[in-house]
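Structure first, then comments.
The values are calculated or read from the model by the stated rules, or taken from the named source; none is laboratory data. Fair warning: this is a prediction, and the values are worked out from it, not measured in the lab. Virtual Cβ from ideal backbone geometry, glycine too; neighbours counted across all protein chains shown.
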Amino acid sequence: MDINLFIVQLFNALFFASILFLISSGLSLIYGIMKILNLAHGALYMVGAYITFTVVILWLGLSWYSMVIAYIASIAVVASLGIYIERILLKPLYNKPQDLQLLLTFALIFILDDIVKMIWGAQYRAFPTIPGWSLSVGEYQIPVYFIATILIALGVALLLHWFFTKTIYGKMIRAISYSLETSAILGINTDKLFALSFALGAGLAGLAGGVAVPLYTASPGMGGDAIVLSFAVIVIGGMGSILGAFVGSLIVGLSRVFMAIIYPVFEIALIYIIMAIILMFRPTGLFGREMRERR
Amino acid sequence: MTQVSDSRREWVKLAGVGVAGLAVGYGVGFLTAPERVREVETPVEGLPGVPDEPLKIGYIYFMTGTLGTYGTNAAAAIELAVEEINRNGGILGRTIELTSKDEADRERVLDNISKMVQDEGAEFVVGLDSSGDALKVIPLVEDELQIPFIVTHAATPKLTECAKRRFIFRISMYEEPIDIMAAQLVKELYEGDVTTVANIGPDYAYGYDSWAIFSGTLQDLMPDLEFLDPIYTPLFTTDYGTYIDQIKASGADLLFSSLWGGDAATFFKQAIAKGLFDSVKVYMNAMLGATDTLEAIGNDNVPDNVDVWGSGRYWFLYPPHDVYPLNRLFVENFRGKTGAYPPYVAATSYTAIYAIKKAIESAYVMKGSWPDVDEIISALEGLTVSGPMGPVYIRPEDHQGLYDVFWGRLRRGSPTYPIPILDELVVYPPGKVVPEPLTTMVSC
Amino acid sequence: MMFKIDNELYSLITLFIFLAVIPQFLSIYNVRLLSVGLLYGLAAVGFNLLYGYTGLLSFGHAMFWSAGAYGLAIGLVKLNLDPLMSILLAFTLTFTVAIVTGYLSLRHTEIYFAMLTLAFAQLIYALIIKLRDITGGDEGIYGIPRFPSDIGGYYYLIYIIVFILVILAWWIVRTPLGLGFQAVRDNPYRAEALGLDVRRVRLISFVLSGFYLSIAGMLYAPLNRAITPDIAFWTFSAIIVIMTIIGGSKNVLGAFIGGLIFIYINTQAMNLTEFWQLTLGIILALLVYLAPYGIVGIFERVLRYVRGG
Amino acid sequence: MKVIMESIDVHIGGVKILNNISLNVSKGEVVGLIGRNGAGKTTTLNTIMGLVRPSKGSIYLEIDGSKTDLRRLKPYEIARLGITMAPQGRYIFPDLTVLENLEVAYGGSPPEDVLKDIFTYFPELGKIIDRKGIHLSGGEQQMLAIARALVRNPKIILLDEPLEGLAPKIVVSVREIIRRIKAEGIGILITESGNIKRIQDLVDRVYGIDRGEIIYSGDVESIMKDLDVRRRIWGF
């Protein structure tokens, strides 16, 4: 492989990893604090994609300016949706058997898929054009949107890092994800933080959908495929760890892209093999903490 | 009497006098069609031997999920056909009632088909998008349900060409003739211009078969070409960057693709964004002639530096609207109903309903009362029915519907059309590209 | 060993008597639907041995259903083996899958176990798609023979096997083995202290549960006479979990009813409306709130209410 | 200010853990809760904090004659009323530094004077404010657990086995801290499983608990004299 090809393939992998990170960081965050595996996370990602599509293509027209508005709209709409889901649907279940939360998020996939179909129809929804020019690397090209996406993912990673290490809410979320009950008896408003975390996680899914849609194609049910890969990412990285989601996305992104070159038959299988191997040697994933009894 | 049936009659007249007078020649399929192309008078109420209750037809497509666009389009076209027929007195006075199921409930496809037939009394079933599902229903339909089942979308040659089925028909063109024509077209247009051929297709049987047929045919025609290892991508891949750069690195100048639906659109757009068509000179996609895919691609994404060819089982501008009003009316009515240009599933499912109507009517003429299943089947065998895609001849040997095969060049549709369109259509009659019945290059 | 005949067994027997008689009054389609219901019920009962009784949530049980279905279909159609050899092949395949994945994934519990089983199941799905010379890839295998060939007759074959296995499950959970499952579920440390080899108990439960699913799959393939890889996809694993929770994971009866009822909810949702997914989703969501302990939970509440006056 | 539990029953997983428990603790007094492991001490504290819901009985907080029903409140609401807890096992947030552990308990950055107060109580903690919870020694963890419970300026604090598993030297310091908290006028409910001597001089009165029932209530000197109680709690 010549060096130019290697560079563009690296960018291909980074682009893919960026989208994966945006999806899986929210999933991991929600799991970390609430210990809920949100099966409907892919469906939230889908809603985000449709919102950005609607704002840019149906309302404002394509421009960098409208893209930014669309991203904000995607985050806002999906985060609000997240708050409703958490406050109205999940909250009554906190004292009930944990399986019910899983069942509910599974039901939500069906509900959201069909609602999206009602609103936007079943047809493919895609950006008619892809924003931006391209960067040339020898005879190959890297669309500037790839670079923008990678920068957005990096920016989100840094923002999340700042949020969790520097703000009081971030620290409280870390406290709750270690022990909900200890946090509560110290006076931390766990209700508010649950809603906040779910909204944040959902907002990230919304942003992921918004960032993905210009190059991908939106359709009802598009979340189903995204979610399984995100599971792999957070399990490899460690559930509940944002750093884990970051590294996990890189591993999945890189291994998928380079496996597709070296031995494509195993392109998808490899991801699950990596996942199984990592779990065998590090039961909690690369950056996950030992699971503790919930106090 | 509405315009629809007027036009229908008009077309039938044309066909009846043996007009191959369309700009294109119809092949053996059409010419050898028996004299069944005959008008049946609009029936009056109370024909002898016709049951009073409505005739129930079931359909099953992907209605939800990523492939939901196929089912919603097919359903709209089926409803259109049924509305037209019922408005004109139904089939011999029997109105048609529809029932439907969602193919997206994958594990339950067979249960749901059984329900429509055994529980809800459907006498015909049309549908199926997935080739796997189409093969899966064979034992159920042939041995248990034993009613005519018309497949309108699934494309695997194995359905019709591996063995003669008794109850299963396919009205839509299958993949093999389209791929064979692609190879012939390459020889005709690009011999000497291209040297290296690559493939990108979906990572399952349809993708493998398409490449096997295309490359096999092309190798016979142009033995000097270099054929690269085919690239197969998992279904619903969202990110084609790595494949695109691989193709670019391989130096291929002819790229064949069997990607379809949203995948075809996603790949195409990413290929443009990544400048794939700086090196690839000819891109042929066997499923690009789907208006929903083209809508997802958009007018702005039609590149100038590459010859893009697309095909499909129907193209809404062919046969030309001025010489073939049936197609014009279908397109207009479909647009009136859905606001979109009809994709191929719409045309094939629409035609399936008319095939049922016509078979029943022909059999009734022979018998004088409502035909039983065997009589309907023998009427379907060798039937020629006019669909939006032109006359479709149902070959009796394998129950495969045959009609013109086309490839067209992708052009910006504006200002007339908001979507890219296939222009410079090259049309081959089925006789030129359809293999003998019950033969296929795919291993059974 | 003798067991006290309890309400659960009475209910199961009553249900099975009903299931023996009812096909006489049903249309052929409904007998078919009931056959699928029995198999889903069997799958839920098997899954629940691991989930409800041993406390391990597997997210990949579709792999066992597929191992049974594909093992049998490959034997009968691709290798032209006789039925007995095909069944043997399916069992061997199931056993291999269960031992290997069980050994590797049972190092973990809770969510990591769930994710590992999901990973293995997806791996097997990928293999089924890839090894198309053997499995037919996405096009599956069709033309699987059925004996007896009519649905009515085949129903009773399913019925007998399901009856035996469900009662067997009822019995197993009352044997020392089954009590071991529950001891491990309730407190693995205490179980360990009591001299139970926790990992071994879990593995036995995993394999046993896998065999239940496998047998359900083996009966499913001839019922449909064709199979495609969707039975190996993760959504099917999710459905196995969901129907068990719907019925109630506390006992054998609950899981079995969950499987039976899920089929009807699913079918009815599709009949009611074009937006069947929405309908099904809302029904599932309502069940979460109205029947947090499953449908048997409601029965029990009603029963308690009636008894209590 | 006084926490009062009256006739509390608690069931967990269908098993009755607490049976008809009545006790109270007021501002300014130190009350001991003595019992073996598994007798129900931690469950009692958890019930006060709202972590466990009683199936019968009442718990309320009495302030100047007006009563607040604690059973309706969430744990964090109870904490905000002025009742906090240093749990058994300490549950120091391992990823957070000493300072951050205090911050999340305070609900923001504590003002200088609050921190200064805390670090006069716990001078050791003042030296390691940037060390992560996971790297603290057992004694430091216990100090931090108590500091964390104090940072919100509670009226009553529940200390669950604060002397358990500590080196003798640390036990001395923790005892000293408890004495100083008492001097501040904060009410303390402290549990102890075995060694009553460790808290004998700290408490004003004690309850004895066995198998979920209060079997003794009174001063600490007499508890050892009640033979039945002695047998049930210490086995001799």
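Residue D:195 passes all but one of (1) out of contact with any helix residue (DSSP H, G or I) (no Cβ under 9 Å at 6 or more places or on another chain); (2) over 15 Å from residue D:26 (Cα atoms); (3) crowded, with 19+ Cβ neighbours inside 10 Å; which number fails?
It is condition (3) that residue D:195 fails.
Among the residues of the stretch B:431-444, are any assigned to a helix (DSSP H, G or I) and not aliphatic (A, V, I, L, M)?
Yes, the stretch B:431-444 contains a residue that is assigned to a helix (DSSP H, G or I) and not aliphatic (A, V, I, L, M).
Only residues in the stretch A:68-95 that are more than 14 Å from chain C (Cβ to nearest Cβ) and part of a helix (DSSP H, G or I) count as the first member; pair them with residues that are of a type in the set (A, V, I, L, M, F, W, C) and surrounded by fewer than 17 Cβ atoms within 10 Å (Cβ to Cβ), Cβ under 7 angstrom, at least 6 apart or cross-chain, and list the lot.
Close Cβ pairs (under 7 Å, with a partner that is of a type in the set (A, V, I, L, M, F, W, C) and surrounded by fewer than 17 Cβ atoms within 10 Å (Cβ to Cβ)) amount to A:69/A:60.
Every residue in the stretch C:200-231 that is of a type in the set (Ser, Thr, Tyr) and in a helix (DSSP H, G or I), please.
Hits for the stretch C:200-231 are C:205, C:209, C:212, C:214, C:220.
Go through the stretch A:160-173 and give me each residue that's without any contact (Cβ under 8 Å) to a residue 60 or more places away in the chain and of a type outside the set (Val, Ile, Thr).
A:162, A:163, A:166, A:169, A:170, A:171, A:172
Among the residues of the stretch A:267-286, how many are surrounded by fewer than 17 Cβ atoms within 10 Å (Cβ to Cβ) and aromatic (Phe, Trp, Tyr)?
The qualifying residues number 1.
Test residue D:190 against the stated conditions and say whether it is assigned to a loop (DSSP other than H, G, I, E, B) and either at pLDDT 90 or above or crowded, with 23+ Cβ neighbours inside 10 Å (or both).
Spelling it out, it is not the case that residue D:190 is assigned to a loop (DSSP other than H, G, I, E, B) and either at pLDDT 90 or above or crowded, with 23+ Cβ neighbours inside 10 Å (or both).
Return the residue satisfying two criteria in turn: it lies in the stretch C:20-58 and is surrounded by fewer than 24 Cβ atoms within 10 Å (Cβ to Cβ) and aromatic (Phe, Trp, Tyr), and of such residues it is farthest from the other protein chains (Cβ to nearest Cβ).
Looking at residues that are surrounded by fewer than 24 Cβ atoms within 10 Å (Cβ to Cβ) and aromatic (Phe, Trp, Tyr), I get C:25.
Each row is one residue, and each column tells you yes or no for (1) assigned to a helix (DSSP H, G or I); (2) more than 11 Å from every other protein chain (Cβ to nearest Cβ).
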| position | (1), (2) |
| --- | --- |
| C:249 | no, no |
| C:269 | yes, no |
| C:297 | yes, no |
| C:300 | yes, yes |
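Residues that are without any contact (Cβ under 8 Å) to a residue 60 or more places away in the chain and more than 30 Å from residue A:36 (Cβ to Cβ): does the stretch C:105-127 have at least one?
Scanning the stretch C:105-127 turns up at least one residue that is without any contact (Cβ under 8 Å) to a residue 60 or more places away in the chain and more than 30 Å from residue A:36 (Cβ to Cβ).
With the condition being over 17 Å from the mean Cα position of the chain (by Cα) and away from chain B (no Cβ under 14 Å), I'd like the helices (runs of 4 or more DSSP H) fully within the stretch A:150-257 carrying at least 3 qualifying residues.
It comes to A:168-178, A:180-185, A:190-212.
Which residues, counting only those in the stretch B:125-139, are within 11 Å of chain C (Cβ to nearest Cβ), aliphatic (A, V, I, L, M) and buried (at least 24 other Cβ atoms within 10 Å of the Cβ)?
B:134, B:135, B:137 - these are the residues of the stretch B:125-139 that are within 11 Å of chain C (Cβ to nearest Cβ), aliphatic (A, V, I, L, M) and buried (at least 24 other Cβ atoms within 10 Å of the Cβ).
Could you tell me whether any residue of the stretch A:23-38 is more than 14 Å from chain B (Cβ to nearest Cβ), more than 17 Å from the chain's Cα centre (by Cα) and outside any helix (DSSP H, G or I)?
no
Which one is surrounded by the fewest Cβ atoms within 10 Å (Cβ to Cβ) among residues in the stretch B:234-262 that are within 18 Å of residue B:290 (Cβ to Cβ) and at the interface with chain A (Cβ under 8 Å from one of its Cβ atoms)?
Restricting to residues being within 18 Å of residue B:290 (Cβ to Cβ) and at the interface with chain A (Cβ under 8 Å from one of its Cβ atoms), the top hit is B:236.
Yes/no matrix, rows are residues, columns are (1) more than 10 Å from every other protein chain (Cβ to nearest Cβ); (2) free of Cβ contacts under 8 Å to residues at least 12 places away in the same chain; (3) hydroxyl-bearing (Ser, Thr, Tyr); (4) buried (at least 21 other Cβ atoms within 10 Å of the Cβ):
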residue: B:73; (1), (2), (3), (4): no, no, no, yes
residue: B:80; (1), (2), (3), (4): yes, no, no, yes
residue: B:98; (1), (2), (3), (4): yes, no, no, no
residue: B:103; (1), (2), (3), (4): yes, no, no, yes
residue: B:120; (1), (2), (3), (4): no, no, no, no
residue: B:123; (1), (2), (3), (4): yes, no, no, no
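Mind checking which pairs have a first residue in the stretch C:64-77 that is without any contact (Cβ under 8 Å) to a residue 40 or more places away in the chain and a second that is surrounded by fewer than 24 Cβ atoms within 10 Å (Cβ to Cβ) and β-branched (Val, Ile, Thr), Cβ under 9 Å, 6 or more apart or different chains?
C:75/C:87
Looking only at the stretch A:124-144, count every residue that is surrounded by fewer than 22 Cβ atoms within 10 Å (Cβ to Cβ) and in contact with a Ser or Thr (Cβ under 9 Å, 6 or more places away or on another chain) and tell me the total.
Total satisfying the criteria: 3.
Among the candidates B:213, B:180, B:200, B:138, single out the residue that is out of contact with any Cys (no Cβ under 6 Å at 6 or more places or on another chain), under 30 Å from residue B:117 (Cβ atoms) and hydrophobic (A, V, I, L, M, F, W, C).
Result: B:138 is the single residue among B:213, B:180, B:200, B:138 that is out of contact with any Cys (no Cβ under 6 Å at 6 or more places or on another chain), under 30 Å from residue B:117 (Cβ atoms) and hydrophobic (A, V, I, L, M, F, W, C).
Can you tell me which residues in the stretch B:228-267 are closer than 20 Å to residue A:212 by Cβ, without any contact (Cβ under 8 Å) to a residue 40 or more places away in the chain and not in a loop (DSSP other than H, G, I, E, B)?
B:233, B:241, B:242, B:244, B:245, B:264, B:265, B:266
Evaluate the stretch B:316-330: report whether one residue or more is at pLDDT 95 or above, of a type in the set (S, T, N, Q) and part of a helix (DSSP H, G or I).
Yes, the stretch B:316-330 contains a residue that is at pLDDT 95 or above, of a type in the set (S, T, N, Q) and part of a helix (DSSP H, G or I).
For residue A:157, work out the one condition from (1) in contact (Cβ under 8 Å) with a residue 60 or more places away in the chain; (2) more than 20 Å from residue A:197 (Cα to Cα) it doesn't fulfil.
Every condition holds for residue A:157 apart from (2).
Could you grab me the full set of residues in the stretch D:110-146 that are surrounded by 16 or more Cβ atoms within 10 Å (Cβ to Cβ) and closer than 11 Å to residue D:90 by Cα?
Correct list: D:133, D:139, D:140, D:141, D:142, D:143, D:144, D:145, D:146.
Quick check: is even one residue across the stretch B:177-192 in a loop (DSSP other than H, G, I, E, B) and touching a strand residue (DSSP E or B) at 6+ places or on another chain (Cβ under 9 Å)?
No, the stretch B:177-192 has no match at all.
Restricting attention to helices (runs of 4 or more DSSP H) lying wholly within the stretch C:59-147, give those where 1 or more residues are within 14 Å of chain B (Cβ to nearest Cβ).
Helices (runs of 4 or more DSSP H) meeting the threshold: C:62-73, C:110-130, C:132-135.
Which residue, of B:296, B:286, is outside the structural domain of residue B:390 (by TED's automatic domain parsing), under 14 Å from residue B:419 (Cβ atoms) and surrounded by 23 or more Cβ atoms within 10 Å (Cβ to Cβ)?
Within the list B:296, B:286, the selection yields B:296.
Please determine whether any residue of the stretch B:276-286 is small (Gly, Ala, Ser), away from chain A (no Cβ under 13 Å) and over 25 Å from residue B:155 (Cβ atoms).
Within the stretch B:276-286 (the criterion being small (Gly, Ala, Ser), away from chain A (no Cβ under 13 Å) and over 25 Å from residue B:155 (Cβ atoms)), the answer is no, since none of the residues qualifies.
Residue pairs, Cβ under 6 Å, 6 or more apart or interchain, first in the stretch C:129-140 and of a type in the set (Asp, Glu), second not in a helix (DSSP H, G or I). List them.
C:138/B:204
Look through A:224, A:248, A:210 and report the one residue that is small (Gly, Ala, Ser) and surrounded by fewer than 24 Cβ atoms within 10 Å (Cβ to Cβ).
From the options A:224, A:248, A:210, the qualifying one is A:224.
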